[in-house]
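The block underneath contains the structure these notes are about, expressed in structure tokens.
The values are calculated or read from the model by the stated rules, or taken from the named source; none is laboratory data. Note that the structure is a prediction, hence the values are computed from the model and not measured. Glycine also receives a Cβ, built like all others from the backbone with ideal geometry; neighbour counts cover every protein chain displayed. For accessibility, only protein heavy atoms count, side chains too; no ligands or nucleic acids. Shrake-Rupley method; radii C 1.70, N 1.55, O 1.52, S 1.80 Å.
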Amino acid sequence: MTVLAYLEDLGLAFADVMLSVDAPGGHLVLPTVGDTRNVAQALPVSPSRLVRKFFRLKGLGQSGMFLVAGTVSHIERLIDNIGVLRSNRVRLSAAQARTFNPKDPASIVHTACLLTEQQGWPEFEILGVIAGQTFVRNYDANRLRSTLPYYGNVYVAGSGGQDLYKWLEERAVFYAAGALAEESLADKGLRAMNSIPMVLLREDALTRVKTISKGVGGYYETYYLSDNALHPVGDVLTVTASIAGKGTTPPLLIERMYYHTYVNDWLLVASLFDTPLTVTPGAAIEIPLSQFELFKIPPIFEPGPEPNWTIHRLLKSAEVAEMFRLTLRQAGESGVSKRFSEGARPSRRLLTCRISGDKLQLSLDQEGHTHYAARIRNSAHDELTLQLRH
């Protein structure tokens with residue numbers, strides 16, 4: 001069970017990293033919620049492991065990147081068949097043999113899908129790109145593709161696909177009714193690239209865990225289309241916070257903090273537990289590195305050696321993170337959060353972090369704090385305001 005989405009016109013894809021089984025009782029430590037034993041509600045599913053739900057194939061000068069969803073055993077059978085076909089070690093029917101090309105990624109994946117379904121393992125879905133062309137394989141029980149205003153062609157898959165589509169549909173109507181309808185594809189892409197994973201991360205952490213309870217979540221990846229292939233977005237510092245007060249320099253409550261990057265095909269995530277933490281402008285706080293959990297998340301196919309990174313090394317990279325994502329609200333008020341993002345070396349960044357020994361020093365920038373406090377208190381509609389319905 002999972003959630004996948006591909007926004008074809010914007011060249012963006014999204015995927016979660018949690019595998020689960022459809023039975024209660026099992027538990028796992030996740031980057032977004034910690035130990036699922038501590039989740040407020042009883043979970044009808046059991047998180048089983050964390051994996052990146054992608055695989056890639058190369059051949060004939062082409063590269064294919066694919067995201068997969070479905071029942072774990074069915075996905076594993078699909079991956080096994082891809083490996084067998086890639087080495088051309090399988091006997092095919094006469095009709096399949098006539099069209100199969102073991103050097104062509106599209107032919108390998110298409111034939112592997114047929115074999116897996118014929119073998120009685122049909123509960124899988126694929127969203128991917130081969131040489132710039134969209135590749136989709138849906139399990140009939142969960143098919144959804146549509147064209148939305150603002151976003152364009154949208155494909156979703158997995159147990160959380162319907163919920164994510166409904167949210168995208170609401171946003172599409174809201175954006176298309178205002179000035180954002182005239183945004184360039186590049187600007188739309190930047191907005192979606194940052195807002196969608198922030199919304200999903202926030203959903204994991206809410207009291208009513210709509211994501212985890214459906215076998216979706218743990219953490220979320222974003223992929224962008226470049227040179228006719230999908231690539232993961234890494235080197236990202238993500239913060240969820242609230243402004244505690246209405247004075248000129250109210251404290252900031254850090255509710256969630258993540259940093260992720262990629263080493264080879266492994267996703268490395270640092271997640272701050274034991275929150276909230278209070279930060280005041282002009283007064284740095286020190287966070288023991290022991291309050292962070294390091295997650296090393298392998299790809300589902302051919303993971304390779306585990307990176308020998310420590311939490312110290314990972315958070316050292318966070319000092320100069322390429323991208324900063326912020327979800328912010330006024331403490332004591334519910335319903336609306338505003339979401340912001342900044343790229344590399346921005347002129348204004350709310351938080352500064354620095355490793356000192358076995359601690360991370362976190363400072364709140366006064367100018368940035370004033371800027372964001374004004375934005376969150378502005379009663380006018382903000383194009384980055386996202387209101388979730390439960």
**Message:** Just to be sure before I move on: is Leu267 among the aliphatic types (A, V, I, L, M) and either open to solvent by 20 Å² or more (accessible area, probe 1.4 Å) or farther than 30 Å from Phe54 by Cβ (or both) in the structure I sent?
**Reply:** no
**Request:** Sort out which residues of region 29-55 are touching a Pro at 6+ places or on another chain (Cβ under 7 Å) and without any contact (Cβ under 8 Å) to a residue 24 or more places away in the chain, and write them in order of number.
**Result:** Ala42
**Asked** For Pro250, which of the numbered conditions (1) closer than 22 Å to Ser363 by Cβ; (2) not in a loop (DSSP other than H, G, I, E, B) fails to hold?
**Response** (2)
**Request:** Report whether or not Pro276 is open to solvent by 40 Å² or more (accessible area, probe 1.4 Å) and more than 22 Å from Ser242 (Cβ to Cβ).
**Result:** no
**region 223-241 - residue that is surrounded by fewer than 21 Cβ atoms within 10 Å (Cβ to Cβ) and among the polar types (S, T, N, Q) and, of those, farthest from Tyr259 (Cα to Cα)** = Asn228
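Tally time: how many residues in region 306-328 are open to solvent by 50 Å² or more (accessible area, probe 1.4 Å) and either at pLDDT below 95 or within 30 Å of Arg377 (Cβ to Cβ) (or both)? Talk me through it step by step, then tell me what you get.
Filtering region 306-328 down to residues open to solvent by 50 Å² or more (accessible area, probe 1.4 Å) leaves 306, 308, 310, 312-313, 316, 319-320, 322.
Checking the rest, the ones that are also either at pLDDT below 95 or within 30 Å of Arg377 (Cβ to Cβ) (or both) come to 319-320, 322.
Adding up the residues that qualify gives 3.
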**Request:** Scan region 264-315 residue by residue and report those that are touching a residue at least 60 places away in the same chain (Cβ under 8 Å), at positive phi and under 22 Å from the mean Cα position of the chain (by Cα).
**Result:** Glu302
**Prompt:** So Glu293 fits all but one of (1) surrounded by 17 or more Cβ atoms within 10 Å (Cβ to Cβ); (2) in a strand (DSSP E or B); what number is the exception?
**Reply:** (1)
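Please find, among Leu168, Leu180, Leu127, the residue that is assigned to a helix (DSSP H, G or I), closer than 17 Å to Ala13 by Cβ, touching a residue at least 24 places away in the same chain (Cβ under 8 Å) and under 27 Å from the mean Cα position of the chain (by Cα). Outline the logic, then answer.
Values: Leu180 fails: closer than 17 Å to Ala13 by Cβ; Leu127 fails: assigned to a helix (DSSP H, G or I).
Criteria check complete, one pass: Leu168.
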